[in-house]
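Reviewing the structure listed below.
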Amino acid sequence: MKTLYSFLLGFILLYSCATDKQPIQGETEFQRNLNAEFKDASKSPLKKKDRRAFKALDFFKVDSLYVVQATFTKSTDEKPFQMKTTTDRLLTYIKYGEISFNLKDGSHTLSVYQDQDLMNEEGFEDYLFLPFLDDTNGDESYGGGRYIDLRIPDGDVITIDFNTAYNPYCAYNEAYSCPIVPRENYVNVEVRAGVKAFVQ
């Protein structure tokens, strides 16, 4: 009888834990992966108090309008430079190229960068960094701008999905050091896509 009681008690506790565990929220794989990262104590940039209450990041609704085909032009004769961050730390980048695209009846050109340290890590050899500012900053999105991860294209066309725009870690925790978006990477429209501002 005691064994049966122990078994039933264990089953009830196991079932309770399983039903309490909420599925990862998100409209797309990108959103679900980001929410999973923020829930994971070993990866999350959130402060402990914010992580305890965390359920999901707030995203703009996914919109195909913000998936654009851009012309990619590789830079020549560029030299590495020190990109400023939100702390005294400096990061070494090189301007890898420019992307030109149309969005909301306007033409835009942004610079893309390559992290000179990250490129030496396995899996990041072709990684490109696209930081940008837009007219939602400081209102619906983080005031310091947002980032998009890209890969070096095979040709002169590259797809930019602004629905995958995310906030720098320092938007959630001032202990992090984040690259400051260069002013030249300003898109003079509202990019209502990607992660919204974090409300604590």
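General remarks:
- Tyr147 being hydroxyl-bearing (Ser, Thr, Tyr), within 18 Å of Tyr93 (Cα to Cα) and modelled with pLDDT of 95 or more: yes
- Contact map, the stretch 152-169: residues that are more than 21 Å from Glu29 (Cα to Cα) paired with residues that are surrounded by 19 or more Cβ atoms within 10 Å (Cβ to Cβ) and aliphatic (A, V, I, L, M), Cβ distance under 8 Å, separation 6+ or inter-chain. Pairs shown: Ile152/Leu128; Val157/Ala70.
- Complete set of residues in the stretch 141-151 that are touching a residue at least 40 places away in the same chain (Cβ under 8 Å) and basic (Lys, Arg): Arg146
- When Phe132 is tested against (1) under 24 Å from Tyr172 (Cα atoms); (2) touching a Pro at 6+ places or on another chain (Cβ under 6 Å), only condition (2) is not met.
- Test: residue in the stretch 54-65 that is open to solvent by 60 Å² or more (accessible area, probe 1.4 Å), in a helix (DSSP H, G or I) and modelled with pLDDT of 95 or more: yes
- Residue match in the stretch 69-87 (condition: of a type in the set (A, V, I, L, M, F, W, C) and touching a helix residue (DSSP H, G or I) at 6+ places or on another chain (Cβ under 8 Å)): no
- Condition met for Tyr127 (of a type in the set (Ser, Thr, Tyr), within 20 Å of the chain's Cα centre (by Cα), under 24 Å from Glu190 (Cα atoms) and at pLDDT 95 or above): no
- Test: Lys49 is at pLDDT 85 or above, open to solvent by 100 Å² or more (accessible area, probe 1.4 Å) and either farther than 19 Å from Gln200 by Cα or in a loop (DSSP other than H, G, I, E, B) (or both): no
- Checked against the criteria, Lys84 counts as open to solvent by 70 Å² or more (accessible area, probe 1.4 Å), touching a Leu at 6+ places or on another chain (Cβ under 9 Å) and either closer than 16 Å to Pro131 by Cβ or not acidic (Asp, Glu) (or both).
- Matching residues in the stretch 27-46 - criterion: being free of Cβ contacts under 8 Å to residues at least 40 places away in the same chain, assigned to a loop (DSSP other than H, G, I, E, B) and open to solvent by less than 50 Å² (accessible area, probe 1.4 Å): Ser44
- Elements of the type strands (runs of 3 or more DSSP E) sitting completely within the stretch 88-180 and holding at least 3 residues that are more than 26 Å from Arg32 (Cβ to Cβ) and open to solvent by 40 Å² or more (accessible area, probe 1.4 Å): these cover 90-103.
- Just so you know, in the stretch 182-200 the residues that are of a type in the set (A, V, I, L, M) and assigned to a strand (DSSP E or B) include one that is surrounded by the fewest Cβ atoms within 10 Å (Cβ to Cβ), and it is Val187.
The values are calculated or read from the model by the stated rules, or taken from the named source; none is laboratory data. What you see is a predicted model; the values in this text were computed from it and never measured. Here Cβ is always computed from backbone atoms with ideal geometry, including for glycine, and neighbour counts include all displayed protein chains. Note: areas computed on protein heavy atoms with side chains; ligands, DNA, RNA excluded. Shrake-Rupley method; radii C 1.70, N 1.55, O 1.52, S 1.80 Å.
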